[in-house]
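Participant: So that we are looking at the same thing, I have put the structure below in structure tokens.
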Amino acid sequence: MPELQELPEKNIFQAYGILLLQNNHRFVRKLKKHYTPSIHGHKTWNSSFLLMDYFLHNETLEYQQNIMELGCGWGPASIFCAQHASANLTGIDRDDEVFPFLEVQAALNEVEVATEQASFEKLTKKNLGKYDLLIGADICFWEQLTKIHFNLINRAFQSGVKEVVIADPGRDPFYELAEKCLDKYEDCDLLDWYATEPEHFEGEILHIRNSR
Ligand SMILES: C[S@@+](CC[C@H](N)C(=O)[O-])C[C@H]1O[C@@H](n2cnc3c(N)ncnc32)[C@H](O)[C@@H]1O
């Protein structure tokens with residue numbers, strides 16, 4: 001009897017050691033019949049790869065127990081962190097229609113990422129205080145989000161969060177947020193960064209450490 005051959009899976013790609021689904025993957029097509037993310041959470045965004053590359057170049061992930069991803073979408077950055085750090089990951093998003101996509105991608109990579117429906121503006125100090133590190137990829141895309149994120153970062157540091165790392169392709173509201181953080185926080189870096197997987201992509205990293 002001929003040996004059974006594993007069928008090659010189509011429309012999956014790899015970046016920084018994790019597997020992700022392309023928009024035309026059969027699971028994505030099926031999920032899209034039932035779930036319709038509506039605040040830009042309809043795909044994996046490239047800024048997530050900036051975070052992955054950045055974390056491979058420093059020790060940020062080494063000392064974190066609990067990590068929250070803000071505006072996680074399909075969760076690529078959370079999945080990477082769950083695979084590369086012995087930390088508990090929680091992805092929050094206002095749009096709960098993104099979570100089935102995150103869950104399928106987490107299962108594909110055999111990692112656990114908890115999910116919670118929440119808005120940036122509604123995250124209280126009590127919610128935030130459970131985390132050591134907050135991360136976010138491409139979450140500062142509207143003008144009104146600059147102030148919302150600045151207030152969120154302030155609440156996070158008041159509640160004991162140690163570090164916040166946000167990646168962005170370089171949108172104006174993100175630069176405005178970076179300027180406010182550079183003014184207020186002593187230990188704050190704005191860095192040009194690029195990712196090389198799944199392809200070359202350039203953007204920015206904002207890394208703020210709580211020096212209180
Ligand atoms: C551009 S997508 C980025 C998704 C993911 N971080 C990535 O890199 O693939 C922005 C995400 O932020 C979420 N979002 C937008 N406004 C939000 C808010 N006020 N509170 C929480 N999440 C929000 C959207 O639902 C979406 O999933």
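Participant: Just check the stretch 43-82 against the gyration tensor rule for me: Cα atoms, a ≥ b ≥ c as the square roots of the eigenvalues, rounded for a/c under 1.5, and otherwise prolate or oblate depending on whether a/b exceeds b/c.
Facilitator: Oblate is the answer for the stretch 43-82, as a/c is 1.5 or above yet b/c matches or exceeds a/b.
Participant: Once the dipole of the chain is set up with Lys and Arg at +1 and Asp and Glu at -1 on Cβ about the Cα centre, which of ALA87, ILE18, VAL104 lies farthest towards its positive end?
Facilitator: Among ALA87, ILE18, VAL104, the one farthest towards the positive end of the dipole of the chain is VAL104.
Participant: Could you order SER47, SER86 by accessible surface area, starting with the largest, using a probe radius of 1.4 Å?
Facilitator: SER86, SER47
Participant: Which of THR115, THR60, THR44 moves most in a GNM of the chain, Cα contacts under 10 Å?
Facilitator: THR60
Participant: Counting only C-alpha contacts under 8 Å and six or more residues apart, can you give the relative contact order of the chain as a whole percent?
Facilitator: Values: 407 pairs, mean separation 42.0, N = 212.
In percent, rounded to a whole number, it is 20.
Participant: Something else about it: Taking the alpha carbon gyration tensor of the chain, what are the square roots of 5 times its eigenvalues, largest first, to the nearest whole Å?
Facilitator: Details: eigenvalues 178, 63, 55 Å².
With the √(5λ) rule applied to the chain, the semi-axes are 30, 18, 17 Å.
Participant: Using the Karplus curve 6.51 cos²θ - 1.76 cosθ + 1.60 with θ = phi - 60°, what ³J(HN,Hα) values do you get for each residue of the stretch 89-95, in whole Hz, with x for Gly and Pro?
Facilitator: So the J values, rounded to whole Hz, are 10, 10, x, 10, 7, 5, 9.
Participant: Report LYS130's accessible area, 1.4 Å probe, all protein chains in place, as a number in Å² to the nearest 10.
Facilitator: 120
Participant: Near LEU145, within a Cβ-to-Cβ distance under 13 Å, what is the net charge of the other residues, with Lys and Arg +1 and Asp and Glu -1? Intermediate results must be reported in sequence, preceding the final value.
Facilitator: Values: positive: ARG94, LYS147, ARG171, LYS180; negative: GLU121, ASP138, GLU143, ASP168, ASP172, GLU176.
Residues close to LEU145 contribute a combined charge of -2.
Participant: Report the net charge of residues surrounding ALA195, where surrounding means a beta-carbon distance below 10 angstrom and charges are Lys +1, Arg +1, Asp -1, Glu -1. Before the final figure, lay out the partial values.
Facilitator: On the way: positive: none; negative: ASP53, GLU197, GLU199, GLU202.
Once positives and negatives cancel, what remains is -4.
Participant: Let me ask something additional. What whole-number value in Å² describes the accessible area per residue of the chain for a 1.4 Å probe?
Facilitator: Numbers: 11130 Å² over 212 residues.
Normalised by residue count, the accessible surface of the chain is 53 Å².
Participant: Continuing with this model, one more query. Springs between alpha-carbon atoms under 10 Å, Gaussian network over the chain: tell me which of GLN117, GLN144, GLN158 tops the mean-square fluctuations.
Facilitator: GLN144
Participant: Separate question: Would you mind putting 22-34, 199-211, 68-80, 160-172 in packing order, based on average other-beta-carbon counts within 10 Å, highest first? Before the final figure, lay out the partial values.
Facilitator: Working: 22-34: 13.2, 199-211: 17.3, 68-80: 28.8, 160-172: 20.2.
Result, highest mean first: 68-80, 160-172, 199-211, 22-34.
Participant: Okay, moving on. Show that you can apply the helix-only estimate: for the chain, add -39,500 (n - 2.57) for every DSSP H stretch of four or more residues, divide by all residues, and state [θ] at 222 nm to the nearest 500. It would help to have the intermediate numbers written out before the result.
Facilitator: Details: 7 runs with 70 residues, N = 212.
Helices in the chain give a 222 nm mean residue ellipticity of -9500 deg cm²/dmol.
Participant: Rounding to the nearest 20 debye, state how big the charge dipole of the chain is about its Cα centre with +1 on each Lys and Arg Cβ and -1 on each Asp and Glu Cβ. Don't skip to the answer; put the middle values down first.
Facilitator: Numbers: 20 positive and 33 negative charges, 180 e Å.
Around 860 debye, computed over the chain.
Participant: Please list, in chain and number order, the residues 5+ apart from ALA15 or on another chain whose amide H is under 5 Å from its amide H, with Hs placed from the backbone.
Facilitator: Hits under the 5 Å cutoff: LEU20.
Participant: Let me ask you something else. Determine the alpha carbon to alpha carbon distance for each of LYS30/LYS126; LYS10/LYS43; LYS32/LYS147 and list only those over 29 Å.
Facilitator: Working: LYS30/LYS126 37 Å; LYS10/LYS43 17 Å; LYS32/LYS147 32 Å.
Distance filter (> 29 Å) returns LYS30/LYS126; LYS32/LYS147.
Participant: Under 14 Å Cα-Cα from LYS122, which aspartates and glutamates qualify once same-chain neighbours fewer than 8 residues away are excluded?
Facilitator: Hits, sequence-local ones excluded: ASP93, ASP95.
The values are calculated or read from the model by the stated rules, or taken from the named source; none is laboratory data. Because the structure is predicted, anything quoted here is derived from the model rather than measured. Ideal geometry is used to build each Cβ from the backbone, glycine not excepted, and the neighbour counts take in all protein chains shown. Protein only, heavy atoms only, side chains kept; ligands, DNA and RNA dropped before computing areas. Shrake-Rupley method; radii C 1.70, N 1.55, O 1.52, S 1.80 Å.
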